[in-house]
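Trainee: One structure is given below, represented as structure tokens, and several questions about it will come after.
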Amino acid sequence: MKQVIKPLKEAEVTEILFKLGNRKLILLEGPTDTEIMEGIWYAEFLDRIMFYDCGGNDNVVRYCHSIKKFAKQAYGIIDRDFKEDAEVGVHNGILVLSLFCLENYLLFTDTIYEELRIALAKKFTSSLAELEKDLLELCQRLIPIVASNWLIWEEKKGKEAYMSPGFPAEKRDFLLQQLSEKLSIPEATLQDRLIKKEKEMECLMKKLEMAYTRISGKYLLKLLYQHFHLPASESYIRRRLADRAKIQGSISKDIHDFVMGIIENEG
């Protein structure tokens, strides 16, 4: 069935266009994405590009569709979530990330290693290989939660129904109870479906980048923060990782090429 896109009200479009001026527009899903893109990665280009928080995946598509009628230079970036490989990349001016969400791009081993080395000083003694192993193990701990979210995605309940970051994955009965309530499906039926999804997840845990196509960086960052007892707020660590990725020149090529292509396009 073809998706019906509800257009923005004229006043909403006018407000965005007023803020936009002569700049180009990239629509984003939420405040964290905007903080990273606008506040850190592309802060020096804000005279040429505006990043705008639309408040959700569907809204990026909706806003882009409406605004393009008035401003040709309107684009979007959305999370992969549980989309298939064929759905990632640029479609109709919207970049679907190849990893689960934008936070995943902050969590490459080299980036985390440097921040842990600085934040923990002598308390941090792991090698890069040991850290990658730790990250994979943390991903594995998230399998029950991510598998549950995958089922929620398949039932088209919306991302707002996902289990929250920090949900106790080890409390199996509670997890099934919550999932049953969210999906209005009996626990006995969900048990087999959840196990099947968990087995699919386990097959992706061989390499970190493959794991990152299904494991949400939002959830992994919270677990990483708790695991290493980091001496700063979670939001501060996220900003530091984003800054480190920029310093290292390790902003993902698909994101960087997309954004810079828009900025440098004179059309």
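The values are calculated or read from the model by the stated rules, or taken from the named source; none is laboratory data. Please read these numbers as outputs of a predicted model, since none were measured by experiment. Backbone-built Cβ (ideal geometry, glycine too); neighbour counts: all protein chains shown.
Trainee: Can you tell me which of (1) closer than 18 Å to residue 104 by Cβ; (2) surrounded by 17 or more Cβ atoms within 10 Å (Cβ to Cβ) is the one residue 31 doesn't meet?
Mentor: Exception for residue 31: condition (2).
Trainee: Mind listing whichever residues of the stretch 181-212 are under 25 Å from residue 56 (Cβ atoms), among the hydroxyl-bearing types (Ser, Thr, Tyr) and without any contact (Cβ under 8 Å) to a residue 60 or more places away in the chain?
Mentor: Once the filter is applied, which keeps residues that are under 25 Å from residue 56 (Cβ atoms), among the hydroxyl-bearing types (Ser, Thr, Tyr) and without any contact (Cβ under 8 Å) to a residue 60 or more places away in the chain, the stretch 181-212 yields only 184.
Trainee: Select from the stretch 12-35 the residues that are at pLDDT 95 or above and among the hydroxyl-bearing types (Ser, Thr, Tyr) and write down the one among them that is farthest from residue 100 (Cα to Cα).
Mentor: 34
Trainee: Just checking, how many residues over the stretch 25-68 are under 14 Å from the mean Cα position of the chain (by Cα) and of a type in the set (S, T, N, Q)?
Mentor: Number of matching residues: 3.
Trainee: Here's something else I'd like to know. Would you point out which residue out of 220, 230 is touching a residue at least 24 places away in the same chain (Cβ under 8 Å), in contact with a Cys (Cβ under 7 Å, 6 or more places away or on another chain) and not assigned by TED's automatic domain parsing to the domain that holds residue 84?
Mentor: On inspection, the qualifying residue turns out to be 220.
Trainee: Looking only at the stretch 60-83, count every residue that is more than 27 Å from residue 154 (Cα to Cα) and assigned to a loop (DSSP other than H, G, I, E, B) and tell me the total.
Mentor: So the answer is 6.
Trainee: Still on this model: Out of all the residues in the stretch 84-110, which are buried (at least 17 other Cβ atoms within 10 Å of the Cβ) and part of a loop (DSSP other than H, G, I, E, B)?
Mentor: Scanning the stretch 84-110 gives 93, 97, 98, 99, 100, 101, 107, 108.
Trainee: I'd like to check something: does the stretch 123-135 contain any residue that is outside any helix (DSSP H, G or I), surrounded by 14 or more Cβ atoms within 10 Å (Cβ to Cβ) and out of contact with any Pro (no Cβ under 9 Å at 6 or more places or on another chain)?
Mentor: Looking through the stretch 123-135, at least one residue is outside any helix (DSSP H, G or I), surrounded by 14 or more Cβ atoms within 10 Å (Cβ to Cβ) and out of contact with any Pro (no Cβ under 9 Å at 6 or more places or on another chain).
Trainee: Still on this structure: Can you name the residue in the stretch 185-226 that is within 15 Å of the chain's Cα centre (by Cα) and among the polar types (S, T, N, Q) and is also surrounded by the fewest Cβ atoms within 10 Å (Cβ to Cβ) among such residues?
Mentor: 213
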